[in-house]
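Let me begin by presenting the structure, written as structure tokens, before commenting on it.
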């Protein structure tokens, strides 16, 4: 069957809490393929308890608030403000989080093709 173009209402999209206390919403999730969605990080929350890496690249686009992304292997932490994007190369360990006391961060997570 051929896929059809369609609108996905955020309230109807599947989602789940993350191990770090955030929340993921999936607009597209194909086994071994394209992933797209949002994640929400309340103040002081990490996306996951541990840093993660994926076989394909990722792009984060911050819709609201500020998101920080730590790269443990290099010791760098990037501040990504609303309206800015952050590119993460394939295989890069990363740990997105929100700082304590800041507003909730909502990040559009896209362009993830995992072979």
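Computed from the coordinates by the stated procedures, all read-outs in this text should not be read as laboratory data. Only a predicted model underlies this, so the values are computations on that prediction, with no experimental measurement involved. Positions of Cβ are backbone-derived with ideal geometry, glycine not excepted, and every protein chain shown enters the neighbour counts.
Rg(Cα) of the range 1-108 divided by 2.2 N^0.38 Å?
1.09
Can you pull the semi-axes for the range 1-62, root of five times each eigenvalue of the Cα gyration tensor, sorted largest first, whole Å?
Its equivalent ellipsoid spans semi-axes of 23, 16, 10 Å.
Need one number: % antiparallel among DSSP beta bridges in the range 13-101, to the nearest 5.
Counting only bridges with both partners in the range 13-101, antiparallel ones make up about 95 percent.
Going by average Cβ neighbours within 10 Å, how do the peptides 64-70, 18-24 rank, with the highest at the top?
Sorting 64-70, 18-24 by mean packing, highest first, produces 64-70, 18-24.
Mind giving me the FRET efficiency for residue 4 and residue 31? R0 is 22 Å, r the Cβ-Cβ distance, nearest 0.05 is fine.
0.70
Mind giving me the nanometre distance, one decimal, between the label points for residue 53 and residue 78, set 7 Å out from Cα along Cα→Cβ?
Distance between label points: 1.6 nm.
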